[in-house]
1. Only residues in the range 308-328 that are farther than 16 Å from Leu517 by Cβ and part of a loop (DSSP other than H, G, I, E, B) count as the first member; pair them with residues that are of a type in the set (Val, Ile, Thr) and open to solvent by less than 30 Å² (accessible area, probe 1.4 Å), Cβ under 6 angstrom, at least 6 apart or cross-chain, and list the lot.
2. Condition first: in a helix (DSSP H, G or I) and crowded, with 16+ Cβ neighbours inside 10 Å. Now tell me which residues in the range 334-353 satisfy that.
3. Regarding Thr146, is this residue part of a loop (DSSP other than H, G, I, E, B), among the β-branched types (Val, Ile, Thr), open to solvent by 10 Å² or more (accessible area, probe 1.4 Å) and more than 25 Å from Asn25 (Cβ to Cβ)?
4. Looking for something crowded, with 16+ Cβ neighbours inside 10 Å, under 19 Å from Ser38 (Cα atoms) and at pLDDT 95 or above - is there at least one such residue anywhere in the range 192-199?
5. Mind counting the residues in the range 74-113 that are crowded, with 19+ Cβ neighbours inside 10 Å and at pLDDT below 90?
6. Under 8 Å by Cβ, and 6 or more places apart or on different chains, what pairs join a residue from the range 630-659 that is small (Gly, Ala, Ser) with one that is assigned to a helix (DSSP H, G or I) and open to solvent by 10 Å² or more (accessible area, probe 1.4 Å)?
7. I want to confirm something. Restricting to the range 429-439 and keeping residues that are under 25 Å from Ile136 (Cα atoms) and in contact (Cβ under 8 Å) with a residue 12 or more places away in the chain, which single residue is surrounded by the most Cβ atoms within 10 Å (Cβ to Cβ)?
8. Could you list, in sequence order, the residues of the range 114-125 that are open to solvent by 10 Å² or more (accessible area, probe 1.4 Å) and not hydroxyl-bearing (Ser, Thr, Tyr)?
Amino acid sequence: MCGIFAYLNYNVARERRYILEVLLNGLRRLEYRGYDSSGIAIDADRVMPDKEGSSGPPPYEAASPLVFRQEGKIESLVGSVYSEVDAIDLNLEEPFLVHAGIAHTRWATHGVPSPRNSHPQSSGAWDEFLVVHNGIITNYEVLKETLIRHGFTFESETDTEVIPKLAKFVFDKARDAEGTVTFSQVVIEVMRQLEGAYALIFKSPHYPNELIACKRGSTLILGVKELSGEHDGKLFHDVKALTTNGKPKELFFSSDLCAIVEHTKNYLAIEDNEVVHIKDGSVSILKFDYGKEKPASVQRALSFLEMEVEQIKKGNYDHFMQKEIHEQPHSLTTTMRGRLKDNDVVLGGLKDHMKTIRHSRRIIFIGCGTSYNAALSARPFLEELSGIPVTMELASDLLDRPGPIYREDTAVFVSQSGETADTLLALDYALENGALCVGITNTVGSTLARKTHCGVHINAGCEIGVASTKAYTSQIVVMAMMALAIGADRISTQARREAIITGLPVLPSKVSEVLKLDGEMKDLAESLMDTQSLLVFGRGYNYATALEGALKVKEVALMHSEGMLAGEMKHGPLALVDETLPIIVIATRDACFSKQQSVIQQLHARKGRLIVMCSKGDASSVCPSGSCRVIEVPQVADCLQPVINIIPLQLLAYHLTVLRGYDVDQPRNLAKSVTTQ
């Protein structure tokens, strides 16, 4: 949800204008996560004499921080920054050999979107400590009451404001008692008091040109760019050894790899309870432990990012969602690359645990939103090939009940980002109960990938649009391959397995074929532009398609739409049918085809406004009188058909959104990575 970005240049001269642009562009790369306000903090040339709310001499000798915060889009912040810079006559051409700047996009949880609730949040007068935060502090009210009793005043409604004020309280108390205290000691004592999930970056004029990052639950990435060019290859280095050489370098913190890929491909995924301290161009990492007074120093190796800058740009497309829909032939190819060999499926991430999975009492799919729908689509095929009962759980509902999970269960967690709060909490619950936990995610180094026992990366590439498209189809394919791998030891299903494995490699070409319906879907969107509601009926493999198609329309076109199980039509939904309500019926060839024909006839008898999706050549079978609109799609194996069938609905949702004048890539009130409950 919230996005964090920080930039520190060391032993390389960078003008203040350049530093500002790096920070602001970092925020632009994080826009897709969803936000309603933003802010940055950089250094002034000197101690500012008229800091708001300050009195007396400054409590430090370093330059004062300059904090800029603004409600609305990042471009509003950009305008605000440059107008304020002009007002205080700040020299943007001033070079800095070393400088630390922090930036943030906020998705409101505590307090309305406004400049005072935006980050960085401050310790008070003179901005002695500044913090940017992603997550939620669950005990902030207790901390706030304590700090108020000690004379602190609060300006915002946020939970975050307790953190910099707590840092100042710790700093003042330690300095009075001992005379000196290190930045990391301050931060570790703050961590000791915090409860909840968070990723934090601290900046302080008491510790100029230093940054400290720490996390518990929320993702945080460190990027390292050596400007000497000695370590540009795919080499793995201990991060401390690499950064203590005193050579020119740039260091980055980010909530997401997408924001650092244009600067460097050398990165480190910070682990929970790690404290990463950048000082004098060197990175030191401490491991915080509640049970120990002093944290242990740890060594970590940098990883190499397999991502290209082009993946985070729109290219020739108008929107990221449009680009990602049309990228699906490529993303599906990448998902399957190296995993289909000699008429078999090879999933290295599951190999060591395959025996345990095959002997499971049941398999539980756990996810939220689109990821849940993808798992629902794969459930029938997994049950068929494995012979193991498969149940579905919405992560939030599993936690609310809480539902029983046993040691003999295999729990499969599906999340595009690998950071979905409800899914991660459900993962903790399953781990506590002793289940084997499998992760299916698009994000290397994510919390889900690190916490599960084993798993599969879907390798769909960076997905920027809030509404998931290519990740959904890649998730289905990965779960189909997982079903094929689990069922490999069952002789009774070998013919079926071989037929599906043969059909997988041709799936991208079939997707390319269905993408040619783009113009037809735009025409359909024009005919539906002024309608208020849409129903989508599916069953069998395509019940999930109905749910996901309706969700896409709901998410981006802001139009009421419902996906329904066609078998439940007569148990209530039939009352809604009239000649004005558009109804999409998915009736491609599978075991449920004849039942869907019956549904179409019943809806037609009640003068329903029908749009039928069918396999090529079946138009006359599903709509003999020609009285309904037909969408013909290529036919593939029944368990893979949902990959084909969702694409016209993705295109429909996209065109409806554009025609209705809404923001395609950043729908209102929604975030890409839902990191709060």
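1. Between residues of the range 308-328 that are farther than 16 Å from Leu517 by Cβ and part of a loop (DSSP other than H, G, I, E, B) and residues that are of a type in the set (Val, Ile, Thr) and open to solvent by less than 30 Å² (accessible area, probe 1.4 Å), the close pairs are His319/Val664.
2. First pass over the range 334-353, keeping only residues in a helix (DSSP H, G or I): 334-336, 351-353.
Those that are in a helix (DSSP H, G or I) and crowded, with 16+ Cβ neighbours inside 10 Å: Thr334, Thr335, Met336, His353.
3. Details: part of a loop (DSSP other than H, G, I, E, B): no; among the β-branched types (Val, Ile, Thr): yes; open to solvent by 10 Å² or more (accessible area, probe 1.4 Å): yes; more than 25 Å from Asn25 (Cβ to Cβ): yes.
Considered against the rule, which asks whether it is part of a loop (DSSP other than H, G, I, E, B), among the β-branched types (Val, Ile, Thr), open to solvent by 10 Å² or more (accessible area, probe 1.4 Å) and more than 25 Å from Asn25 (Cβ to Cβ), Thr146 comes out as no.
4. No, the range 192-199 contains no residue that is crowded, with 16+ Cβ neighbours inside 10 Å, under 19 Å from Ser38 (Cα atoms) and at pLDDT 95 or above.
5. 2
6. Filtered contacts from the range 630-659: Ala637/Ala499; Ala637/Gly503; Ala653/Glu555.
7. Gly439
8. Pro115, Arg116, Gly124, Ala125
The values are calculated or read from the model by the stated rules, or taken from the named source; none is laboratory data. Every value quoted in this text rests on a predicted model; they were computed, and no experiment measured them. Using ideal geometry, Cβ is built from the backbone for each residue, glycine included, and neighbour counts are taken over all protein chains shown. These accessible areas exclude ligands, DNA and RNA; they are computed on the full protein's heavy atoms, side chains included. Shrake-Rupley method; radii C 1.70, N 1.55, O 1.52, S 1.80 Å.
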